[in-house]
Amino acid sequence: MKKINILLAMLSVAAITFTSCKDDKDDSNNSGPAQPGTVTLDLTNVAGTVNVDETGATSYTNSSGESFTVTKLKYYISNVRLLNADSVVYSLPDGYFLVDESNQPSTKLSFPNVPGGAYTSIKFTLGVDSARNVSGAQTGALDPANGMFWTWSSGYIFYKLEGTSPAASGGITYHIGGFRDANNTNAIREVEVDFMGSSLQVDGSREAEIHVLADVLKLFSTPNTISIASINFQMAPGGNALLIADNYAQMFSFDHLHNGH
């Protein structure tokens, strides 16, 4: 009797497994060619393992052992591209997004009409290209009213972090920009986030979300160690701005994908 029960249990498991495989196969057969859809890039600003608190009520510690708070955090993302096997499949060259921690909807970037298919990484520019920097008054995300613009000769602020720290009586003011190669002030940086072996599926109305973390602690550590006591104020292109730019290019990391139906 015991042997019969074991055999029945094994047959039940086999039946369930078979049903599951059959359902997967049927889904594939019924789906047809993948259709264009909308992709959302969800950016979460963090300090290590916790979300950034822009109220200034939470202290963090950088790699130099200095505590600090964040009271303002904004940055530009542009020239978004989605790739499959190192080939650019989707490009949004004229899209400019201002990510503002105080405005949470701005941390979710939406890209419509992305060709259907699978994607393995995303690339984007942190900053604003040189052409837009010298194109006169802009609108939308590039409107000077957003507080991310210096002058027509200095251009846009690409990354803005403000806060407080016992290491600097004047607080932290990092306004980083600069777009000219000729005088070595180019703070525009390219970023690629690989999906670590996962694949983003775009197919019509199917949910397609990329979740990426942006870690402010890396602004002080990777690849350049930046002490607040040494550099707490930077509001001009060139010099220390380039060190900070090298670091903000490394602050993005892959978290997870959503590929729901």
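Structural remarks
- Degrees, to the nearest 10: 2-31 long Cα axis against longest axis of the chain: 60 degrees
- Spin-label model, Asp246/Ala85: points 7 Å from Cα along the beta carbon direction are separated by 3.6 nm.
- Close amide-amide hydrogen proximity is noted between Gly127 and Tyr76, Ile77, Ser78, each under 5 Å apart and 5 or more residues distant or on a separate chain (H modeled in the peptide plane; Pro and chain starts excluded).
- Extension gain for Glu192 to Ser59 (0.36 nm times residue separation, less C-alpha to C-alpha distance): 45.0 nm.
- Across the range 42-58, coupling constants 3J(HN,Hα) worked out from phi with the 6.51/-1.76/1.60 Karplus curve, θ = phi - 60°, read 9, 9, 10, 7, 10, 10, x, 9, 10, 5, 5, 10, 7, 6, x, 7, 10 Hz, and Gly and Pro carry x.
- By accessible area, using a 1.4 Å probe on protein heavy atoms only, the range 45-115 has 48% of its surface on carbon and sulfur.
- Residues in the range 74-80 carry Karplus couplings, in order, of 9, 7, 9, 10, 8, 6, 6 Hz; the curve used is 6.51 cos²θ - 1.76 cosθ + 1.60 with θ = phi - 60°, and Gly or Pro positions show x.
- Cut-off 17 Å (backbone N to label point 7 Å along Cα→Cβ of Asn183), residues of the range 195-238: 235-238
- Summed over qualifying helices (DSSP H, 4 residues or more, each -39500 (n - 2.57)) and divided by its residue number, the chain shows a 222 nm mean residue ellipticity of -5500 deg cm²/dmol.
- Highest-first packing order for the peptide set 205-211, 50-56 is 205-211, 50-56, based on the mean count of other beta carbon atoms within 10 Å.
- Figure legend: label point modelled 7 angstrom from the Cα of Ala118 along Cα→Cβ; residues of the range 65-87 with amide N under 13 Å from it are 84-86.
- For the chain, lysine pairs separated by 8 or more sequence positions, or belonging to different chains, with Cα-Cα distances below 20 Å total 11.
- Answer label, with Rg/Rh (Cα atoms, Kirkwood Rh) calculated from the coordinates and candidates (1) 1.01; (2) 1.12; (3) 0.95: (2)
- Computed from backbone phi, the HN-Hα couplings of the range 177-186 come to x, x, 9, 9, 6, 4, 10, 6, 10, 6 Hz, rounded to whole numbers (Karplus: 6.51 cos²θ - 1.76 cosθ + 1.60, θ = phi - 60°; Gly and Pro given as x).
- Protein-only accessible surface at a 1.4 angstrom probe places the residues Thr58, Thr139 in the order Thr139, Thr58, largest first.
- Amide H contacts of Gln35: Gly204, each under 5 Å away and 5 or more positions distant or on a separate chain (H built 1.01 Å from N in the peptide plane; Pro and chain starts excluded).
- Interchain or long-range residues, amide H under 5 Å from Phe149's placed H: Ile157
The values are calculated or read from the model by the stated rules, or taken from the named source; none is laboratory data. None of the values given here were measured: they were computed from a predicted structure. Every residue, glycine among them, receives a Cβ derived from its backbone with ideal geometry; neighbour counts consider all protein chains shown. For accessibility, only protein heavy atoms count, side chains too; no ligands or nucleic acids. Shrake-Rupley method; radii C 1.70, N 1.55, O 1.52, S 1.80 Å.
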